[in-house]
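A.B. asks: Structure in structure tokens, see below.
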Amino acid sequence: MGVEITIFIADDDQDDRYFLIQALSALNDQLKYIEVPDGTVLIRELKSKEHWDQTLVIVDMNMPRLNGLDTVKQIRLDDKLDNIPILMMSTSSDEWLVGKARNAGITKFSIKPSTFEDFLDLAKQICSEFDIPINKK
């Protein structure tokens, strides 16, 4: 077995977390997922991890307690977490918000899917963009 890839999914919408995990699992059944409802819990979970070389963070822009933008800023301020790739999702494609997210340090931005087919398309993009092997057809 290869190196374990851990994907942290920070989204207050449990259904969106579920569909994203299902879509990614349809392509690779060896990924590890850590689901969290907001940025505060995400940062705590990231800081408790010892190795981040095979880690991806997927964060929703709009969450309670600590929103996606502030979460990304805090991650980028931590030298141990600074190199983790971050995909931000949002239902909004407002260029001003996307620009703020890029300035905060995201690696990639995506519109949040609304159908399972869209989640599958996003999962394929994630695997391609972040070098996650596809081991299922």
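A.B. asks: How many residues are under 12 Å from Ile9 (Cβ atoms) and in contact with a Gly (Cβ under 9 Å, 6 or more places away or on another chain) if we restrict to segment 40-66?
C.D. replies: 3
A.B. asks: Continuing with the same structure: Does Ile111 satisfy being at pLDDT 90 or above and buried (at least 16 other Cβ atoms within 10 Å of the Cβ)?
C.D. replies: no
A.B. asks: What are the residue pairs meeting all of these: first residue in segment 106-120, first residue of a type outside the set (A, V, I, L, M, F, W, C) and in a loop (DSSP other than H, G, I, E, B), second residue at pLDDT 95 or above and surrounded by fewer than 17 Cβ atoms within 10 Å (Cβ to Cβ), Cβ atoms under 7 Å, and 6 or more apart or on different chains?
C.D. replies: Between residues of segment 106-120 that are of a type outside the set (A, V, I, L, M, F, W, C) and in a loop (DSSP other than H, G, I, E, B) and residues that are at pLDDT 95 or above and surrounded by fewer than 17 Cβ atoms within 10 Å (Cβ to Cβ), the close pairs are Thr107/Pro85.
A.B. asks: Kindly establish whether Thr55 is surrounded by fewer than 18 Cβ atoms within 10 Å (Cβ to Cβ) and of a type in the set (Val, Ile, Thr). Steps first, answer last, please.
C.D. replies: Values: surrounded by fewer than 18 Cβ atoms within 10 Å (Cβ to Cβ): no; of a type in the set (Val, Ile, Thr): yes.
When the stated conditions are applied, Thr55 does not pass them.
A.B. asks: Among the numbered criteria (1) assigned to a loop (DSSP other than H, G, I, E, B); (2) among the β-branched types (Val, Ile, Thr); (3) under 19 Å from Tyr33 (Cα atoms), which single criterion is violated by Ile126?
C.D. replies: Every condition holds for Ile126 apart from (1).
A.B. asks: Out of everything in segment 71-91 that is without any contact (Cβ under 8 Å) to a residue 24 or more places away in the chain and more than 15 Å from the chain's Cα centre (by Cα), what residue ends up being surrounded by the most Cβ atoms within 10 Å (Cβ to Cβ)? I'd like the intermediate steps shown before the answer.
C.D. replies: So the first thing to find is which residues in segment 71-91 are without any contact (Cβ under 8 Å) to a residue 24 or more places away in the chain, and the list is 77, 79, 82.
Filter once more, keeping what is more than 15 Å from the chain's Cα centre (by Cα): 77, 79.
Numbers: Leu77: 10, Asp79: 7.
Across segment 71-91, the extreme among qualifying residues is Leu77.
The values are calculated or read from the model by the stated rules, or taken from the named source; none is laboratory data. The structure displayed is predicted, hence computed values, not measured ones. A quick note on method: Cβ atoms are made from the backbone with ideal geometry, for glycine too, and the neighbour counts reach across all protein chains shown.
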